[in-house]
1. For the chain, what is Rg from Cα atoms divided by 2.2 N^0.38 Å, rounded to two decimals?
2. Please compare each pair in LYS35/LYS223; LYS111/LYS196; LYS61/LYS201; LYS58/LYS134; LYS35/LYS196; LYS58/LYS191 to a cut-off of 20 Å on the Cα-Cα distance and tell me which ones are over it.
3. At a 10 angstrom cut-off on C-beta neighbours, averaged per residue, how do the peptides 197-207, 84-94 rank from highest to lowest?
4. Of all beta bridges DSSP finds with both residues in the chain, what is the antiparallel percent, to the nearest 5?
5. In whole Å, what are the Cα extents of segment 42-160 along the three principal axes, biggest one first?
6. Dipole of the chain, Cα-centred, from +1 at each Lys and Arg C-beta and -1 at each Asp and Glu C-beta, to the nearest 20 debye?
7. Principal axes first, then extents: for the Cα atoms of segment 95-235, list largest minus smallest coordinate on each axis, whole Å, largest first.
8. May I ask you to derive the FRET efficiency for HIS119 and ARG167 from their Cβ-Cβ distance with R0 = 30 Å, giving the value to the nearest 0.05?
Amino acid sequence: MQFEVYCDETMPDLFTSSKRRGRYLMIGSIWIPAKLRNEVKEKIWVLRKTHNTWGEIKWTKVSSARLPFYFDVIDLFESYGMDLRFRCIAVDSEQVDMHWHDNDEELGFYKFYYQMLHHWILDFNEYRIFCDTKTNRDPARLAMLKRCLDAANISSRISSIQALPSRHLVLMQMCDLLLGAASSRMNKTLKPSSAKEAVVKRLESHLDLDAEQICPTYRSARKFNVFQIRLQGGW
């Protein structure tokens, strides 16, 4: 079966900045059967037309005026059940030791990217992976990521990993929205009674959560998976 994966990240500067806006660097992904891509895109276009909202879908653009539109995008994500899934990795910047990444923050970032993707790649499937455009010091990072995924998943096929601007990929924009919601809970940045809190609560009302709010999930969570990686060892 053919799948497409649309990825985005939030707070990527946590490894390098001395002025941290949060604790967790997060990398997220939308997973969808390739045959459903055009159908979902068409439904989002209908929502845009209904709400007369034509700008890029982004967490930073959530506002009271656009709340009905963003509610409908969240509801659309839910409506596809297991045919439209979200997974993200949360990396505690306070625990990251760059010694394990040759003191290379960019290398460390892509190692975590690998961890986010690898565990959801299943045997006998084909995957096309789309990443948001990012300026890398080493232009071969995505090629290396693909080689590592190929080597670790010999019974599946990674047909391509491409970097494209999010403004061209509406499913990457949906990923941005869901990742922003997860990051706001993990980094505790939500303002009470704000439009963003309303969007997060709308999402949480759809999810089968052990807690009332988005938080790290078990590996078995398939619709909305938040993988908080353990960097200090242990069981």
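1. The reported ratio for this selection is 0.99.
2. From LYS35/LYS223; LYS111/LYS196; LYS61/LYS201; LYS58/LYS134; LYS35/LYS196; LYS58/LYS191, over 20 Å: LYS111/LYS196; LYS35/LYS196.
3. 84-94, 197-207
4. 45 percent
5. 49, 36, 25
6. I would put it at about 520 debye.
7. For segment 95-235, the Cα extents along the three principal axes come out at 44, 38, 32 Å.
8. Computed FRET efficiency for HIS119 and ARG167: 0.55.
Coordinate-derived values only; no laboratory data. A quick note: this is a predicted structure, and the numbers were derived from the prediction, not measured. Quick reminder, even Gly has a Cβ in these numbers, built from the backbone with ideal geometry, and neighbours come from all protein chains shown.
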